[in-house]
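Read the figures in this text as sums done on the coordinates, not as results from a lab. Model, not experiment: these values are computed from the prediction. Cβ coordinates were reconstructed from backbone atoms using ideal geometry, including for glycine residues, and neighbour counts include every protein chain displayed.
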Amino acid sequence: MTIAAANSDAWNIAKGKNPEKPTVLRFRPSLEAFLGDEKYPKRLAIFWKFDAADYSGMPTDSQSADMKEFEDILIEALDPDRLAVLAFVFTSSGTREWNFYLSDVSEVGVRINKALSAVPKLPIELKVEDDPNWDELRQVYQMCGRGA
């Protein structure tokens, strides 16, 4: 069994509030079968902080388009050989956070730098953590009423 491509896989969307502002969580239910895959023991979180257009804390249409373009660039760089697997994306209170599971941190860094070299500087921060059991994705599934 292999992990589907991010662009062709099914995604679920869950909306909520945190505590008063809206939240949007997009995740891949098919990855439940891969929870704890030993080939992907680390989690990369990429944070994009933005100035929200209003009290909701959600991005404007223009900001959303820029973030979609950024996500497409990441997927094009990391997904074809599943070097990194985009598992979920969380948006709330002026921040969008992409979460990938990966094994080779240095190669992911090389590919991200190369992919973004022609793009103007973006307001992003990257953080890598050990998450061999995919605990963050398990929490997503639990919050959304899935078994995991």
What is the fewest-to-most order of Tyr55, Tyr40, Tyr141 by other Cβ atoms lying within 10 Å of their Cβ?
Tyr55, Tyr141, Tyr40
For the chain, what does the helix formula give at 222 nm: sum of -39500 (n - 2.57) over DSSP H segments with n ≥ 4, over the residue count, nearest 500 deg cm²/dmol?
-8500 deg cm²/dmol
Less than 18 Å from a label point 7 Å out along the Cα-to-Cβ axis of Asp9: which backbone N atoms in region 104-124 qualify, by residue?
104-105, 108
Who wins for biggest fluctuation among Ala45, Ala84, Ala118 in a Gaussian network model of the chain, springs between alpha carbons below 10 Å?
Ala118
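Compute the Rg/Rh shape ratio of the chain: radius of gyration over Kirkwood radius, all on alpha-carbon atoms. Walk me through the numbers on the way to the answer.
On the way: Rg = 15.0 Å, Rh = 15.8 Å.
Answer for the chain: 0.95.
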Residues Leu35, Leu137, Leu126, Leu25 in order from fewest to most other beta-carbon atoms within 10 Å are Leu126, Leu35, Leu25, Leu137
Ranked by GNM mean-square fluctuation in the chain (Cα springs under 10 Å), the top entry among Trp134, Trp11, Trp98 is Trp11
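For the pairs Lys21/Lys49; Lys39/Lys127; Lys17/Lys121, flag any whose C-alpha to C-alpha distance is greater than 24 Å.
Details: Lys21/Lys49 15 Å; Lys39/Lys127 19 Å; Lys17/Lys121 31 Å.
Correct reply: Lys17/Lys121.
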In region 24-65, if every C-alpha pair distance is counted and binned at 10 Å from zero, what percent goes to each bin?
20, 37, 23, 19, 1
